Amino acid sequence: MKTDSTESMPNEHEINHSRRGLFRALSRGVSQSANTLKADSINTGRPLGAVEESLFSRLCNNCEKCVAACPQNILAMGTSGPVMDLSFNHCTFCQACIHACDTQALNTLNTTDTGWRPTFSKSCNAKIFDNCQECVDDCPKQALSLIANSTPILNDDCNGCGECLSSCYIGAVS
């Protein structure tokens, strides 16, 4: 028995929805892949501009030139090479460490983000007393916002510079 061709064909609305759904899914997958790639390309803990860790460990000769070149003194030598520590100062993205690197373990391809992100403790004065916004005021990227009696909210503009950590006088940012 032959089926009627109009019965087996989906109606026009279903076709458009399916196509739209397909393109949404594809674009969502592409944007998620791009975000994953961006996050994966940042070698958190290493100096600004550090290449992927396995390559970094082969290229870096532990010469300490990047550590000496950093005007903010946020780089130190660890057991496996230079590391970034934002505990006492912030990164200005001056790229002095990159320019000091002779081996290309640090390069200008990864210079827009350190990979670090702040966390805010419950002892934050903005949450407890609603009277502080030092970190919000000092953020060079305006990546923080405040809601009354709440810890600061971080948005996607954060580049991990650590300025909020430096500006918090009670140590509520880590």
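The values are calculated or read from the model by the stated rules, or taken from the named source; none is laboratory data. Because the structure is predicted, anything quoted here is derived from the model rather than measured. No Cβ is skipped: glycine too gets one built from the backbone with ideal geometry, and neighbour counts run over all protein chains shown. Just so you know, the surface numbers come from the protein's heavy atoms only, side chains and all, with ligands and any DNA or RNA stripped out. Shrake-Rupley method; radii C 1.70, N 1.55, O 1.52, S 1.80 Å.
Between Ser145 and Ser87, the contour length at 0.36 nm per residue exceeds the alpha carbon distance by 18.7 nm. Take the alpha-carbon positions of segment 51-174, form their convex hull, and give its projected area averaged over all directions (one quarter of the hull surface) in nm². Answer in nm², one decimal: 7.9.
In the complete set of protein chains, residue-level accessible area for Arg117 is approximately 100 Å², probe 1.4 angstrom. With a 1.4 Å probe and all protein chains left in place, how much of the accessible area of segment 46-106 comes from carbon and sulfur atoms, in whole percent? Summing carbon and sulfur atoms, their accessible area is 52 percent of the total for segment 46-106. Computed 3J(HN,Hα) for segment 61-76, one whole-Hz value per residue from the Karplus formula 6.51 cos²θ - 1.76 cosθ + 1.60 where θ = phi - 60°, is 9, 6, 6, 6, 5, 5, 4, 5, 7, 6, x, 8, 6, 9, 10, 9, glycine and proline marked x. Once the Kirkwood radius over Cα pairs is known for segment 60-125, the Stokes-Einstein relation at 37 °C and 0.692 mPa s delivers a diffusion coefficient of 252 µm²/s. Note on Cys66: accessible area approximately 10 square angstrom, rounded to 10, probe 1.4 Å, nucleic acids and ligands left out. A 1.4 Å probe over all protein chains sorts Cys94, Cys60 by accessible area into Cys94, Cys60, starting with the largest. Asp138 contributes about 60 Å² of solvent-accessible surface, heavy atoms of the protein only, 1.4 Å probe. As an exercise, use a Förster radius of 22 Å and the Cβ-Cβ distance of Met77 and Glu53 to find the FRET efficiency, rounded to the nearest 0.05. Taking R0 as 22 Å, the efficiency between Met77 and Glu53 is 0.85.
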